[in-house]
Amino acid sequence: MSRLKRSPIKANALWRIDKIIVHEGSRDEDGTRRQEIEIYYAFVGKLDFPV
C-alpha cells in the first residue's frame, strides 16, 4: 500500500511579515503618546486588532 507523505504548512509560514508601516506619533490632551503601526502578513494581509 502506497502512502502519500503530507507536508504540513508550518504556522510560522502563515505569519511571515511582508511589511511594517510606522506612522508619525502624536500626543493626546492628557499627554498620552499614540502611534499607529500597521503590520502586513503574507497570505492574510493586514489584520486589525482593537486597541
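Nothing in this text is a laboratory measurement; each read-out follows from the coordinates by a stated rule. Quick caveat, the model's predicted, so the values are computed rather than measured. Reconstructed Cβ throughout: ideal geometry from the backbone, glycine too, with neighbour counts over all protein chains shown.
Return Ile39, Ile21 ranked ascending by Cβ neighbour count within 10 Å, so the fewest neighbours appear first. Please list the in-between numbers first.
Details: Ile39 14, Ile21 10.
With the sparsest Cβ surroundings first, the list reads Ile21, Ile39.
Local charge for Val22 was computed over the other residues whose Cβ lies under 12 Å away, with Lys and Arg +1 and Asp and Glu -1, and equals -2. Note that the stretch 34-46 has calculated 3J(HN,Hα) couplings of 10, 8, 8, 10, 10, 10, 9, 9, 5, 6, 10, x, 8 Hz, one per residue in order, obtained from phi through the Karplus relation 6.51 cos²θ - 1.76 cosθ + 1.60 (θ = phi - 60°); glycine and proline are x. Between Glu24 and Ala42, the contour length at 0.36 nm per residue exceeds the Cα-Cα span by 4.0 nm. Scanning residues 5 or more positions from Tyr41 or on other chains, those with amide H under 5 Å from its amide H are Asp18, Lys46, Leu47, with H placed 1.01 Å from N in the peptide plane.
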